[in-house]
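The values are calculated or read from the model by the stated rules, or taken from the named source; none is laboratory data. Remember, predicted model here, so these are calculated numbers, not experimental data. Every residue, glycine as well, gets a Cβ built from its backbone with ideal geometry; the counts of neighbours run over all protein chains shown.
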Amino acid sequence: MPVSDYRVGHQRTEARHVPHEFLAACFPGAGMATVMTRGAERLTYEIRVRGKLTDALLAALEPLGLRVEETSSGPVLIGSFRDQAELHGALQALQDLGVELVEMRQAAGWT
């Protein structure tokens, strides 16, 4: 499944894998401080959501490895992820479940 299409000169090329060197040339230094890599420590994120989480929704969140903390401003989901793919997978699952995201940030002490 193609990730996206991008243009090289005037030719349209299907992108299945964008080489790291290409990304580094286009976006020098972008996000280098927060890049998650294989073998690195897991990074913890807090994901603030809107609304009440039902028992069925909590059961659906369990396989994602997210724990829920109720705060005065609403529920916060907390999870540790080994890489960006795992983080993005959890965010996609939340969207698929209809959970409205309010804020996401790296947990304190991990910056």
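Points worth noting:
- Subset of the stretch 50-67 [touching a residue at least 12 places away in the same chain (Cβ under 8 Å) and more than 15 Å from residue 104 (Cα to Cα)]: 51, 52, 53, 57, 60, 61, 64, 65
- Selection status of residue 70, farther than 17 Å from residue 106 by Cα, assigned by TED's automatic domain parsing to the domain that holds residue 102, part of a strand (DSSP E or B) and not aromatic (Phe, Trp, Tyr): yes
- Selection status of residue 86, within 16 Å of residue 104 (Cα to Cα), free of Cβ contacts under 8 Å to residues at least 60 places away in the same chain and assigned to a helix (DSSP H, G or I): yes
- Residue, farthest from residue 41 (Cα to Cα), within the stretch 69-111, restricted to residues that are of a type in the set (A, V, I, L, M), surrounded by 16 or more Cβ atoms within 10 Å (Cβ to Cβ) and more than 14 Å from the chain's Cα centre (by Cα): 99
- Lone unmet requirement of (1) assigned to a strand (DSSP E or B); (2) modelled with pLDDT under 95 for residue 98: (1)
- Search result, residues across the stretch 42-67 that are under 14 Å from residue 97 (Cβ atoms) and part of a loop (DSSP other than H, G, I, E, B): 51, 52, 53, 54, 66
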